[in-house]
Amino acid sequence: MDERACWLGFHLIPGIGAAAIARMIEAFGSLSAAWEADVAAFVDAGVNQKSATRLIELRSDIDLEREWDRVQKAGVTLLTLLDDAYPAMLREIPSPPPVLYIKGEIRQEDETAIGIVGTRRMTRYGNEMARRMSSGLAAAGMTIVSGLARGIDGIAHREAIDAGGRTLAVLGCGVDRIYPSEHRRLSQDVTENGALISQFPLGTAPDAHNFPERNRLISGLSLGVLVVEAPMKSGALITSSYAADHGRTVFAVPGSALSSASEGPHQLLRDGAVVAATVDDVLQELNLERRQAVMENRRMLPDATGDEQEILKTLDGDPRHIDEIAIDTGINISQLSAMLLQMQLKGMVREVGGQHYARE
């Protein structure tokens, strides 16, 4: 019996985790040998009679060839704890998942990753900060890890891709069950620029009890976790709690004291999280000087004209209304409007709504 298929088989048996698999490998030498073992052999290996009998019963219900064929036809890669390609950062956390289902590709460069998470009901400010942080960190060479959810997560993935970077989406369901359904196109783009990752078997529905484990993997794959906006009861705060437990850096974006969406980040900051108001805050805290240099080169925008450079200087902070930009630059509104349109086409700025503009 194929060893990798046997990892899949034991993973489909409820209650079989990393510790149980390690004990079976120690007792039988391989999971393929354990798959063929009978009750007596498991008892000899130290498993009590009742548990051994139940394990054999559950094992007999699994059509291993069919399940393995299902994985192959879905275009899914199975990674086990014994594989060199298993993410090194994830291997460090307590009880790492013994099996990962991968759709796409995980690369060594993805070890330099940052988790970006937040609320599904973001404010305009949260939207803008998620865009800035995700695109900036991706452009600086970091892989963006998030959960493919609505709101902050979706923006994090999309901005990473648009910036020419890599992104990993960790799911609370099987990699063949895209949730939410409106992110189906986004999930396809993620597989082309990173990977969909799940510890749950194919066909697993997005049940609520799966998402804390999804959040644990986001932390496990990352050097740190950045919370953009999150109310006090939020999955994003669960992710940050895992990050603290894993010894990873927790970052929080400060927001308005009047916004409930910023209550979570503000509590994290009171608890000692690192302020993340700019991309540089993250890069410096993680000692990623080389990537910071890349980011600085990107900011220079050598192709920008003199007037365009002046406009860009006014957009270093929050999105600004065209009237404010006109006042600061001395450019009349009609000329400025045409210039901003050209700068959007060049990918230098974007309109965020209501004639407010921000840097790309």
Cross-chain or 6+ apart pairs with Cβ under 6 Å, region 184-212 first and among the acidic types (Asp, Glu), then at pLDDT 95 or above
189/161
Can you pull out every residue in region 155-183 that is without any contact (Cβ under 8 Å) to a residue 60 or more places away in the chain, touching an Asp or Glu at 6+ places or on another chain (Cβ under 9 Å) and within 12 Å of residue 116 (Cβ to Cβ)?
157, 158, 165, 167, 169
Which residue is nearest to the chain's Cα centre (by Cα), if the candidates are limited to region 1-55 and must be part of a loop (DSSP other than H, G, I, E, B), surrounded by fewer than 16 Cβ atoms within 10 Å (Cβ to Cβ) and without any contact (Cβ under 8 Å) to a residue 24 or more places away in the chain?
15
Kindly provide the set of residues from region 312-351 that are farther than 23 Å from residue 124 by Cα and not in a helix (DSSP H, G or I), ordered by number.
330, 331, 332, 346
Name the single residue that is farthest from residue 104 (Cα to Cα) among those in region 71-81 being touching a residue at least 60 places away in the same chain (Cβ under 8 Å) and out of contact with any Asp or Glu (no Cβ under 9 Å at 6 or more places or on another chain).
81
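Conditions (1) in the same structural domain as residue 224 (by TED's automatic domain parsing); (2) modelled with pLDDT under 70, marked per residue:
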position: 275; (1), (2): yes, no
position: 282; (1), (2): yes, no
position: 285; (1), (2): yes, no
position: 289; (1), (2): yes, yes
position: 307; (1), (2): no, no
position: 327; (1), (2): no, no
position: 331; (1), (2): no, no
position: 339; (1), (2): no, no
position: 346; (1), (2): no, no
For region 154-271, give me every one of the helices (runs of 4 or more DSSP H) that falls completely inside it and has 1 or more residues that are closer than 22 Å to residue 17 by Cβ.
211-220, 235-245
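Residue-wise test of (1) exposed (fewer than 12 other Cβ atoms within 10 Å of the Cβ); (2) within 17 Å of residue 2 (Cα to Cα); (3) basic (Lys, Arg).
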{"residue": "57", "(1), (2), (3)": "yes, no, no"}
{"residue": "62", "(1), (2), (3)": "no, yes, no"}
{"residue": "69", "(1), (2), (3)": "no, yes, no"}
{"residue": "84", "(1), (2), (3)": "yes, no, no"}
{"residue": "87", "(1), (2), (3)": "no, no, no"}
{"residue": "95", "(1), (2), (3)": "yes, no, no"}
{"residue": "99", "(1), (2), (3)": "no, yes, no"}
{"residue": "102", "(1), (2), (3)": "no, no, no"}
For residue 303, only one of the following conditions fails: (1) more than 20 Å from residue 118 (Cβ to Cβ); (2) at pLDDT 80 or above; (3) not in a helix (DSSP H, G or I). What is its number?
(2)
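The values are calculated or read from the model by the stated rules, or taken from the named source; none is laboratory data. What you are looking at is a predicted structure, and each value in this text was computed from that prediction instead of being measured. For neighbour counting, all protein chains shown are included, and Cβ atoms are generated from backbone atoms with ideal geometry for every residue, glycine included.
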